[in-house]
Amino acid sequence: MSDTTLKATAAASGASATERFLSDKTGAPARTADSERVNTLATEVITAVHDVIRRHRVTYDEYNALKSWLISVGQDGEWPLFLDVWVEHVVEEVATAGRRGSKGTIEGPYYVPGAPVLPAVTVLPMRDDESGTPLLFQGQVTGVSGKPLAGAVLEMWQADDDGLYAQFAPGIPEWNLRGTVVADAEGRFGVTTVQPAPYQIPTDGSCGSLIAAAGWHPWRPAHLHLKVSAPGHEPLMTQLYFQGGEYVGDDVASAVKPELVVDPRPAGDGGHQVTYDFVLDPAS
Ligand code: MBD
Ligand code: FE
């Protein structure tokens with residue numbers, strides 16, 4: 001990207017991600033937790049922090065650096081980013097441990113409900129001059145018995161060829177590379193899109209400064225996000241990655257699983273093509 005004014009700054013994408021989380025009912029804080037549960041979890045987290053301080057003889061300078069960093073995470077709006085990158089994958093692991101259908105993975109901070117509704121064979125909304133390798137992504141949604149699921153819906157969202165997400169980076173049409181695809185009566189779909197680029201955590205905010213200070217890297221491998229649902233079934237939150245792509249083996253968000261890595265083949269028109277089927281568990 002040549003025009004640096006079009007870069008997604010930490011403060012801009014963080015503010016959007018925070019706003020999105022707060023306005024999404026499914027993201028609202030659980031109000032049902034009983035005090036015994038809160039007591040257990042809060043006590044164990046705080047005790048784990050005490051253990052680290054004792055084990056590493058944490059100094060007042062380090063304590064104050066932590067305090068100012070935590071304040072800046074909130075000021076930058078980067079709590080959704082921080083939590084989804086470094087914590088969510090374990091929550092997802094615990095939440096889906098009993099599943100028999102397709103593996104899922106984390107949602108991340110950039111899902112937006114209500115993307116344009118599209119037919120089973122479709123093109124994701126994109127700019128006339130959208131850059132990137134064209135990708136035909138097709139497959140079928142079934143239950144664990146193999147029964148095709150009529151009425152399956154695939155919500156898709158992804159970064160563009162610059163690694164940027166519509167609604168979280170400036171200058172991109174609202175629903176670019178976002179859609180709600182309604183599969184056909186056999187649960188089949190065929191979506192034309194472009195291959196996304198790897199995603200870089202903003203380097204100018206508090207998550208970026210943690211990454212730099214710790215000597216980590218800020219990258220997620222290129223990925224497609226999907227939320228697949230069908231009546232009477234557990235929704236599947238997942239992502240697909242590309243075989244041989246950068247950072248597939250070293251995702252900053254620890255969200256890659258072997259079952260989620262696809263290997264698109266040349267489609268003949270200069271684009272690529274991949275088939276991936278989704279198996280949904282029955283609603284619990
Ligand atoms: C992303 O695009 C993403 O998917 C996650 C989990 C975290 C940050 C950016
Ligand atoms: Fe993402």
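The values are calculated or read from the model by the stated rules, or taken from the named source; none is laboratory data. Note that this is a predicted model, so its numbers are computed, not measured. Here the Cβ positions follow ideal geometry from the backbone for every residue, glycine too, while neighbour counts run over all protein chains shown. For accessibility, only protein heavy atoms count, side chains too; no ligands or nucleic acids. Shrake-Rupley method; radii C 1.70, N 1.55, O 1.52, S 1.80 Å.
Solvent-accessible area per residue for segment 135-182 at a 1.4 Å probe radius, Å²? Write down the numbers at each step before the final one.
On the way: 1510 Å² over 48 residues.
Solvent-accessible surface per residue comes out at 31 Å².
In whole percent, how big is the carbon plus sulfur part of the accessible area of the chain, probe 1.4 Å, protein atoms only? Could you put the intermediate results ahead of the total?
Working: 8500 of 15170 Å².
Carbon and sulfur atoms account for 56 percent of the accessible area of the chain.
So how do Tyr241, Tyr60 rank on accessible area, 1.4 Å probe, biggest first, that is with the largest at the start? Provide the component values of the computation, followed by the final result.
Working: Tyr241 0, Tyr60 175 Å².
From most accessible down to least: Tyr60, Tyr241.
From the protein chains alone at 1.4 Å, what is the descending order of accessible area for Arg127, Arg54, Arg37, largest first? Kindly include the intermediate steps, with their values, before the conclusion.
Working: Arg127 70, Arg54 175, Arg37 140 Å².
So, going from the largest accessible area down, we get Arg54, Arg37, Arg127.
From the C-alpha coordinates alone, can you work out the Kirkwood hydrodynamic radius of the chain, in Å?
That comes to 20.4 Å for the chain.
Would you mind estimating how fast segment 54-125 diffuses translationally, via Stokes-Einstein at 4 °C and 1.567 mPa s with the Kirkwood radius over Cα pairs, in µm²/s? Intermediate results must be reported in sequence, preceding the final value.
Values: Rh = 16.3 Å.
So the translational diffusion coefficient is about 80 µm²/s.
How are the Cα pair distances of segment 84-175 distributed, in percent, across 5 Å bins from 0?
2, 9, 17, 18, 21, 16, 12, 4, 1
Which order, highest average first, do 41-52, 198-209, 66-77, 248-259 follow once you tally other Cβ atoms within 10 Å for each residue and take the mean per peptide? Working shown, then result.
On the way: 41-52: 10.0, 198-209: 20.2, 66-77: 14.8, 248-259: 17.0.
Going by the mean number of other Cβ atoms within 10 Å, highest first, we get 198-209, 248-259, 66-77, 41-52.
Helix by helix, which DSSP H runs in the chain go 18 Å or more along their axis at the Cα atoms and have an average Kyte-Doolittle hydropathy of -1.0 or more?
Working: long enough: 10-23 (19 Å, 0.29); 35-56 (31 Å, -0.16); 60-75 (22 Å, -0.33).
Helices meeting the criterion: 10-23, 35-56, 60-75.
Given axes a ≥ b ≥ c from the Cα gyration tensor, I'd like to know whether segment 159-284 is rounded (a/c under 1.5), prolate (a/b larger than b/c) or oblate.
On the way: a/c = 1.68, a/b = 1.53, b/c = 1.10.
In terms of gyration-tensor shape, prolate.
Using the alpha carbons of segment 160-199, what is the convex hull volume per residue in cubic angstrom, as a whole number?
Details: hull volume 3.3 nm³, N = 40.
Measuring per residue, one finds 83 Å³ for the Cα hull of segment 160-199.
Given points 7 Å out from each Cα along the Cα-Cβ axis, report the Ala42 to Ser284 separation in nanometres with one decimal.
Between Ala42 and Ser284, the simple spin-label model gives 2.6 nm.
In what sequence, highest mean first, do 168-181, 261-274 appear when ranked by Cβ atoms within 10 angstrom? Show your work: numbers first, answer last.
Values: 168-181: 18.9, 261-274: 14.0.
Answer by packing, highest mean first, reads 168-181, 261-274.
Please get the size of the charge dipole for the chain, origin at its Cα centre, with Cβ charges of +1 on Lys and Arg and -1 on Asp and Glu, quoted in debye to the nearest 20.
It comes to approximately 620 debye.
With runs of 4+ DSSP H residues as the only contributors, calculate the mean residue ellipticity of the chain at 222 nm using -39,500 (n - 2.57) per run, divided by the residue total and rounded to the nearest 500. Walk me through the numbers before you get to the answer.
Values: 6 runs with 77 residues, N = 284.
Helix-only estimate at 222 nm: -8500 deg cm²/dmol.
If you take the Cα Rg of segment 151-221 and divide it by 2.2 N^0.38 Å, with N the number of residues, what do you get?
Details: Rg = 16.1 Å, N = 71, 2.2 N^0.38 = 11.1 Å.
Taking N as the residue count of segment 151-221, the ratio is 1.45.
If you average the alpha carbon positions of segment 114-147 and of segment 224-284, how far apart do those two centres end up, in angstrom?
One Cα centre to the other: 12 Å.
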